[in-house]
Amino acid sequence: MFNQSSEAQECCTFYCQSCGDVVIKDRKLLRVLPLPTENWGALVGEWCCHPDPFANKPLHPRENDCFIGDSFFLVNLRSNLGQEPKANTKVICKRCKVLLGETISSETTKFYMTEIIIQLSERNFPIIPRSQFIQSVIAQCLVELSSARSTFRFTIQGQDGKVYILLWILNSDSLVIESLRHSKNMKKFPLLEDALKADSSSAQNAIKILYQPCLKSRNEELASSWESDISIHALTLPSATCLELLLILSRSNASLPQSLRQMNSFQVAFLKM
Ligand SMILES: [Zn+2]
């Protein structure tokens, strides 16, 4: 999407993924740039023989910028709002009340990738079912992060700082074919829409993962050892989305043959890209 818009210099519109409401209308994005990793300040300190020239200078996007973090976008929202927003306030969809992001400063707003769709303005686009959207956004995030940072293990944590899931990527070149005979299993997950309606017979690219849920103090010891391990990357999402992801993983796990559902005390699941 960003490649298309930068060529054509067209305006983009940000929509709430859950309900389709417009969040930012007609924004011309001239610079779409990846943010450095969260530890970049420490690295600059190690490499420079002079004081860090970037110390205490957070990267704030200007009006036509969009900065891309590991699971979020940063945009400048001052011009869209009448009054100056306060820092660290939640940004909620006006229509469906879903948590979309939070304000970082009076100008900079962070939107979670799992909650927002960015499209060229005045273009029609298909509505993607929520669980399908979450899977594919998170699968792509994980694949990109694991190749960029050479890590295969992740903690999925809520914006409240709580760890919800421990994830371990086994591979990113799986193909998944679902058959209708598993639909009995799907009835156990009434909160997720029916994934078998569309193209159930065609193969889909997926990543294979091992996971451990951390709800209600389950796996507390393992979670705290993963949290203190600097080689494990923490991915932050809205808490409600962490729970949705857990439900998606459980459904995927339940659709596997019994003998393939567990590996070394971890549960096995696929996330379709
Ligand atoms: Zn909404």
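Annotations for the structure displayed:
- Helices (runs of 4 or more DSSP H) lying entirely in segment 174-273 (those with 1 or more residues that are at pLDDT 90 or above, touching a strand residue (DSSP E or B) at 6+ places or on another chain (Cβ under 8 Å) and not β-branched (V, I, T)): 220-227, 239-254
- Those strands (runs of 3 or more DSSP E) of segment 89-133 in which at least 3 residues are among the hydroxyl-bearing types (S, T, Y), considering only elements entirely within it, cover 108-112.
- Looking only at segment 7-39, and only at residues there that are within 16 Å of the ligand (Cβ to nearest atom) and either among the hydrophobic types (A, V, I, L, M, F, W, C) or not assigned by TED's automatic domain parsing to the domain that holds N64 (or both), the one that is farthest from E122 (Cα to Cα): C19
- Count of segment 71-87 residues which are in contact with a helix residue (DSSP H, G or I) (Cβ under 8 Å, 6 or more places away or on another chain) and at pLDDT 90 or above: 1
- In segment 88-131, residue modelled with the lowest pLDDT [restricted to those that are more than 16 Å from the ligand (Cβ to nearest atom) and within 15 Å of F72 (Cβ to Cβ)]: N88
- The set of residues in segment 32-58 being in contact with a Ser or Thr (Cβ under 9 Å, 6 or more places away or on another chain) and touching a residue at least 12 places away in the same chain (Cβ under 8 Å) consists of V32, P58.
The values are calculated or read from the model by the stated rules, or taken from the named source; none is laboratory data. Because the structure is predicted, anything quoted here is derived from the model rather than measured. Don't worry about glycine lacking a Cβ; one is built from the backbone with ideal geometry, like all the others, and counts go over all protein chains shown.
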